[in-house]
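Enquirer: This is the structure I have questions about; it appears just below.
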Amino acid sequence: MKTYLPQIERRILVRPNQTFGILNYDMDNAYPQRMLELVAQSPTAKDCWNKRTKFIGGNGFEEAALGKQIVNDKGLTVAKLLKAIAKDKALFSGFAIHVNYNANFKIASVNYVKFEDVRIGDTDNTETSDKFAIYSDWGRKTWKNIMRSKITFMDKYNPNELVIKQQVEAAGGWEKYKGQLLYFNPEINDYPLIEADSVWEDFETEAGIKIFNNREVTTGFLPSTMLFMQSRRKEADNSSNIAHGVDAPSQLEKDLGIFQGAKSAQKIIVIEYEDESAKPEFQPYAIQNNDKLFESTERSVEARIIKGFSVPKELINAEKTSGLSNGSEKKQAISELNDNTAPDRVELSEALAGLFCHYHTDINQTGNWSITPIPANIADEVAGIKAGAAINQLLQSTLPTPNKIAALVYAYGFKQAEAEAMCA
């Protein structure tokens with residue numbers, strides 16, 4: 001008897017790219033670009049990403065004045081830098097920051113670099129080892145081919161004075177020195193997967209459902225129909241297409257195409273025919289009930305995406321419970337996501353503290369780089385205000401008392417005795 005372990009294919013394959021002296025980020029070297037496109041097409045995935053970004057960045061730094069500090073000549077503030085790297089951290093689990101030094105070996109400027117634009121230098125290549133390659137079009141959306149002349153190689157972040165001096169000499173002086181790149185990556189000599197990589201196929205599924213719904217609307221929800229008609233003779237306007245074996249559409253086919261669609265749902269089409277044998281026949285055919293199938297699929301896909309991002313469902317698709325109970329559930333969900341993202345906030349705080357302690361000026365004299373989490377009491381405030389206003393309006397209305405009591409019990413979740421006491 002033979003046994004074997006089923007092989008599970010790796011989500012990404014990292015291979016040296018000798019042409020550019022880098023390690024490919026998956027076979028096509030465009031894994032982050034593909035994931036960004038899939039997330040952009042999936043409403044649930046994009047919402048989850050935004051929620052994680054918001055909670056990782058929190059309400060900014062505890063030191064309010066710290067966020068206003070400008071760290072480069074382009075006007076980048078520490079608060080904007082935090083939001084940018086929090087967004088990358090929420091999806092890619094990493095981020096990148098470019099720094100440059102002055103002649104005193106102190107950081108003179110800090111710049112944000114998109115995580116998806118960075119590639120690790122080939123560790124077996126002496127020229128690119130311990131370097132990072134930055135290029136804005138690894139996914140080849142703008143240009144068909146990658147232009148090596150536009151790839152910028154930067155040294156790995158190391159604030160040691162001797163290391164910086166060696167790098168400056170190797171670059172040919174301060175004028176040619178490009179600085180260093182702080183590449184925060186949870187993996188070692190490897191690329192990270194996105195936060196919800198285990199369910200990225202569901203991003204594509206949700207995007208497909210969206211396309212299906214759009215197609216149903218643009219075709220006016222018309223049932224699938226087969227058209228039977230006599231074989232038409234070759235028309236004069238097809239003479240130019242004979243060589244290609246393609247017939248130009250007849251006027252009837254053009255009219256039927258115009259007839260479809262949401263904007264044409266109220267139009268009337270008139271079809272003329274010479275005899276009964278030339279009358280076109282429209283015959284609908286039964287197909288599976290796609291509406292119900294897609295509806296159940298959409299719910300399950302949405303649930304898996306939310307789970308993949310580790311975001312409480314109450315913050316993405318809140319249950320339609322009463323206003324009061326929903327406030328309590330949302331408060332608990334906020335606390336849960338705060339706990340889930342607490343390590344991310346600590347990592348950002350420690351990274352920024354370690355970076356700016358080498359800055360040419362002291363922008364944070366207290367040394368406190370802690371990030372304030374999202375307060376959970378906002379759920380109580382929002383839900384409480386809305387529910388309270390609605391209840392007061394109900395009590396002051398001219399509805400009969402039994403109706404008011406029923407509304408308090410069934411709509412707002414009060415007990416019978418409580419509702420009767422409020423209406424007394």
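Enquirer: Looking only at helices (runs of 4 or more DSSP H) that lie completely in region 307-414, which have at least 3 residues being loosely packed, with under 14 Cβ neighbours inside 10 Å and at pLDDT below 80?
Expert: Working: elements: 323-356, 377-395, 401-410.
Qualifying helices (runs of 4 or more DSSP H): 377-395.
Enquirer: When you look at R52, is it outside the structural domain of P159 (by TED's automatic domain parsing) and either loosely packed, with under 15 Cβ neighbours inside 10 Å or at negative phi (or both), yes or no?
Expert: Criteria not met by R52.
Enquirer: Just the residues that are surrounded by 19 or more Cβ atoms within 10 Å (Cβ to Cβ) and not β-branched (V, I, T), please, taken from region 194-206.
Expert: Hits for region 194-206 are E195, A196, W200, D202, F203, E206.
Enquirer: Let me ask something else about it. Can you tell me which residue is modelled with the lowest pLDDT among those in region 183-231 that are among the hydroxyl-bearing types (S, T, Y) and closer than 19 Å to R304 by Cβ? Give the steps one after another, and end with the answer.
Expert: We begin by selecting, within region 183-231, every residue among the hydroxyl-bearing types (S, T, Y); these are 183, 191, 198, 205, 218-219, 224-225, 231.
If we keep only those that are closer than 19 Å to R304 by Cβ too, we end up with 198, 205.
Details: S198: 89, T205: 86.
Within region 183-231, the match that is modelled with the lowest pLDDT is T205.
Enquirer: Exactly one condition in (1) more than 31 Å from the chain's Cα centre (by Cα); (2) β-branched (V, I, T); (3) in a strand (DSSP E or B) is not met by V168; state its number.
Expert: Only one criterion in (1) more than 31 Å from the chain's Cα centre (by Cα); (2) β-branched (V, I, T); (3) in a strand (DSSP E or B) is unmet by V168, namely (3).
Enquirer: In region 85-113, how many are buried (at least 21 other Cβ atoms within 10 Å of the Cβ) and small (G, A, S)?
Expert: Of the residues in region 85-113, 3 are buried (at least 21 other Cβ atoms within 10 Å of the Cβ) and small (G, A, S).
Enquirer: Please go through region 349-372 and pick out each residue that is touching a helix residue (DSSP H, G or I) at 6+ places or on another chain (Cβ under 8 Å) and without any contact (Cβ under 8 Å) to a residue 60 or more places away in the chain.
Expert: Listed by number, the list holds a single entry, G367.
Enquirer: Okay, moving on. When you scan region 1-107 for helices (runs of 4 or more DSSP H) that lie fully inside it, which ones turn up with 2 or more residues that are in contact with a strand residue (DSSP E or B) (Cβ under 6 Å, 6 or more places away or on another chain) and in contact (Cβ under 8 Å) with a residue 24 or more places away in the chain?
Expert: Where helices (runs of 4 or more DSSP H) fall fully within region 1-107 and carry at least 2 residues being in contact with a strand residue (DSSP E or B) (Cβ under 6 Å, 6 or more places away or on another chain) and in contact (Cβ under 8 Å) with a residue 24 or more places away in the chain, they are 78-92.
Results for (1) buried (at least 19 other Cβ atoms within 10 Å of the Cβ); (2) part of a helix (DSSP H, G or I); (3) not hydrophobic (A, V, I, L, M, F, W, C), shown as yes or no for each residue.
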| site | (1), (2), (3) |
| --- | --- |
| N125 | no, no, yes |
| A133 | yes, no, no |
| D137 | no, no, yes |
| N158 | no, no, yes |
| V163 | no, yes, no |
| K176 | no, no, yes |
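Enquirer: Hey, among the residues in region 294-306 that are surrounded by 15 or more Cβ atoms within 10 Å (Cβ to Cβ) and modelled with pLDDT of 85 or more, which one's farthest from S335 (Cα to Cα)?
Expert: Only one residue fits best here, namely V301.
The values are calculated or read from the model by the stated rules, or taken from the named source; none is laboratory data. Since we're looking at a predicted model, the values are computed, not measured. All Cβ positions, glycine included, derive from the backbone under ideal geometry; neighbour counts span all protein chains shown.
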